[in-house]
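S.K.: Before I ask anything, let me first share the structure, which is written out below as structure tokens.
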Amino acid sequence: MTKFEIHQFICRTDNYGVLISDKNTGLTMSVDAPDAMKIDEELEKKKLNLTHLLITHKHQDHIDGIEYLKKKYNCTVLGPELEKDQIPQLDITLIGDEYIDFSGSPIKIIETPGHTLGHIIFFFEREKILFAGDTLFLMGCGRVFEGTHEQMFESVKKIRELPADTVIYCGHEYSMANAKFALSIYPNNKNIKNRYEYIQKTVSEKKYCLPTTLEVELNTNPFLLYDDPVFKNELGKIKSTDLEVFSETRTRKDNF
């Protein structure tokens, strides 16, 4: 049970905007700033005042709206220490394993290099809610732009070790493409087949597929199945290490 109201919406083409608010204190947070106008519109619709802006990484489609939102709401902007030179208007820089407080709830900062070298994610420990940015997606993981496959593997492992009932919000709506890929490399997996059908139905009804839960991802996300012997066998990697299986999966997704 959470005291927070979480409001999720699509902006740009496939970015998720997300607002977390506590009606009792009036505090409201946006995770990333993909589109200032859309975020502003949703804030006004919900009659919310933006107090905090948490940034996961430096890519333009996650920081585009910072300057407008900072100017309008004078919100506190927090983001990764390692990318402070590429992210405008940062008030507070964050490093892995430190905690910040939002309306009395501790948020753990987890460093997840791979997609970018300074990428961080936000875990509300008490509520068991994770804002995963572009590290983990529904049935997918982020493309490795700056880091190595090994770094991304270690980052994904950190998520896999969180409580299974963790609710996960991601930076993009890639569910259909990810489900197709998962089915293509693990076609006989009943969980993946069922989820693919569920996603097809959800998308056709123009509903959101997110948030997801870690428990569901552990059963259907190929990037979390690196130690599943049946999956390893499907990839022809039965004797390979977990990292090699993960790396093969990421390479196949890049070429899918």
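The values are calculated or read from the model by the stated rules, or taken from the named source; none is laboratory data. Owing to the predicted nature of the structure, the values given are computational and were not obtained by experimental measurement. As a convention, Cβ positions derive from the backbone with ideal geometry for all residues, glycine included, and neighbour counts pool all protein chains shown.
S.K.: Restricted to the range 14-52, and to residues that are in contact with a Lys or Arg (Cβ under 8 Å, 6 or more places away or on another chain) and among the polar types (S, T, N, Q), which residue is nearest to Tyr208 (Cα to Cα)?
M.R.: Going through the qualifying residues, I end up with Ser21.
S.K.: Related question: For the range 88-135, give me each residue that is part of a loop (DSSP other than H, G, I, E, B), hydrophobic (A, V, I, L, M, F, W, C) and crowded, with 21+ Cβ neighbours inside 10 Å.
M.R.: Within the range 88-135, Leu90, Ala132 meet the criteria.
S.K.: Going through the range 12-34 one residue at a time, which ones are under 15 Å from the mean Cα position of the chain (by Cα), in a strand (DSSP E or B) and of a type outside the set (A, V, I, L, M)?
M.R.: Asn15, Tyr16, Gly17, Ser30
S.K.: Restricting the search to the range 136-162, which residues are free of Cβ contacts under 8 Å to residues at least 40 places away in the same chain and part of a loop (DSSP other than H, G, I, E, B)?
M.R.: Matches in the range 136-162: Gly142, Phe145, Glu146, Gly147, Thr148, Glu161.
S.K.: Then there is this: Give all pairs with beta carbons closer than 6 Å in which a residue from the range 201-214 that is free of Cβ contacts under 8 Å to residues at least 40 places away in the same chain meets a residue that is in a helix (DSSP H, G or I) and not hydrophobic (A, V, I, L, M, F, W, C); count only pairs at least 6 apart in sequence or on separate chains.
M.R.: none
S.K.: Right, here's the next one. I'd like the residue in the range 65-87 that is within 16 Å of Cys11 (Cα to Cα) and crowded, with 18+ Cβ neighbours inside 10 Å and, out of all such residues, is farthest from the chain's Cα centre (by Cα).
M.R.: Within the range 65-87, the match that is farthest from the chain's Cα centre (by Cα) is Leu69.
S.K.: Something else now. What do you reckon, is Glu215 surrounded by fewer than 16 Cβ atoms within 10 Å (Cβ to Cβ), out of contact with any Pro (no Cβ under 8 Å at 6 or more places or on another chain) and not β-branched (Val, Ile, Thr)?
M.R.: The answer is yes for Glu215.
S.K.: May I ask you to verify whether Thr25 is in the same structural domain as Ser155 (by TED's automatic domain parsing), out of contact with any helix residue (DSSP H, G or I) (no Cβ under 7 Å at 6 or more places or on another chain) and free of Cβ contacts under 8 Å to residues at least 40 places away in the same chain?
M.R.: no
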